[in-house]
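The values are calculated or read from the model by the stated rules, or taken from the named source; none is laboratory data. Computed from a predicted model, the values in this text were never measured in an experiment. Cβ placement follows ideal geometry from the backbone for every residue including glycine, while neighbour counts extend to all protein chains displayed. We work out accessible area using only protein heavy atoms, side chains counted, and drop any ligands, DNA or RNA first. Shrake-Rupley method; radii C 1.70, N 1.55, O 1.52, S 1.80 Å.
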Amino acid sequence: LADAIHQFASGDAALRYITANCDIPTNLPDIILLDINMPVTDGWMFLDSYRKIKTTLSKDIVIYVVTSSIDQRDIEHSKQYHEVKGFISKPLEMERIKKMLSHN
């Protein structure tokens, strides 16, 4: 379903990669599947930092929050970020991935 998949263990690592490749659109992801429960920099902290750098990026990136949380507060919190296109509860199924890709 994708030419390349990059996986990062923390939000910090993902932000470093995005910042280092900000002017190379082919190196930037089309979609980010963002877990809100990550070590060091969680998903919310990632989104706050992403907002600060997104104007420097050479292309738009679509972000989906993907989490095991079903807490309504997390869903509402994700709506505060217009960068977030959707909130998906785990487990993430193949049909859901295909649907996301078809809308981008």
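Lysine pair count for the chain with Cα-Cα distance under 19 Å and sequence separation of 8 or more or different chains is 10.
Relative contact order, whole percent, for the range 4-104 stands at 25, derived from Cα pairs under 8 Å and 6 or more residues apart. Grab the other residues whose beta carbon is less than 15 angstrom from that of Ile18, score K and R as +1, D and E as -1, and report the net. With Lys, Arg at +1 and Asp, Glu at -1, the net is -1.
Atom-type composition of the exposed protein surface of the chain places 53 percent of the accessible area on carbon and sulfur (1.4 angstrom probe). Name the shape class, rounded, prolate or oblate, that the alpha-carbon gyration tensor gives for the range 1-59, where a ≥ b ≥ c are the square roots of its eigenvalues, rounded holds for a/c under 1.5, and otherwise prolate holds if a/b is larger than b/c and oblate otherwise. Note, shape of the range 1-59 comes out oblate. Once both labels are positioned 7 Å from their Cα atoms along Cα-to-Cβ, the gap between Asp23 and His6 label points is 1.6 nm. If you compute Rg and Dmax of the Cα atoms in Å for the structure shown, which of [x] 13.2, 37; [y] 13.9, 45; [z] 12.6, 35 do you land on? The calculated read-out lines up with [x].
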